[in-house]
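Read the structure below first, then the notes.
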Amino acid sequence: MNSNSDNPKVGKDFQRKVLSIAQKTFNMPFDEEKVVPVGNPPKEHRFDVVSADGDIIIECKCYTWTNGGNVPSAKMSTLNEAVLYLRSVNYNARKILAMKKDVRLRTGESLAEYYCRIYGHLLEDIEVWEVSEEGIVNIVRKKQINDNKMS
């Protein structure tokens, strides 16, 4: 078990793992902590991993279920905030939420699967990747294309 003082290092290690995976997957350079304009009027926001050309934006979250296997409620709010920033990118980019793979023992559901099930309506065009300790990526949610917009 990690103490809270280990959390920044654990998160940074996960971010670097995702950076390496992105560079190999897309065969292009990526930057950490890159500033991208969001919202209207535009304001700068620093994203975890962004392709050099800015066309792929990734937010990394290294979250786990609580020790008792319960939902980490405060972390769900932080995930929703990350989704809001990704949705606020004001140009057409591929947006990915990369989450650490963590499976709830009593149900077999991963935290990323749970998040998509409960908060999927917020994701719009955001993909959700689940990244294991070994660096294996499972795409939990592909980009959705909604043709049923209300007119």
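The values are calculated or read from the model by the stated rules, or taken from the named source; none is laboratory data. Note that the structure is a prediction, hence the values are computed from the model and not measured. Every residue, glycine as well, gets a Cβ built from its backbone with ideal geometry; the counts of neighbours run over all protein chains shown. Heads up: the accessible areas ignore ligands, DNA and RNA and are worked out on the full protein's heavy atoms, side chains in. Shrake-Rupley method; radii C 1.70, N 1.55, O 1.52, S 1.80 Å.
Some notes on this structure:
- Flag for SER132 being closer than 25 Å to LYS9 by Cβ and open to solvent by less than 80 Å² (accessible area, probe 1.4 Å): yes
- Set PHE26, PHE30: member being hydrophobic (A, V, I, L, M, F, W, C), in contact with a helix residue (DSSP H, G or I) (Cβ under 7 Å, 6 or more places away or on another chain) and more than 24 Å from GLY120 (Cα to Cα): PHE30
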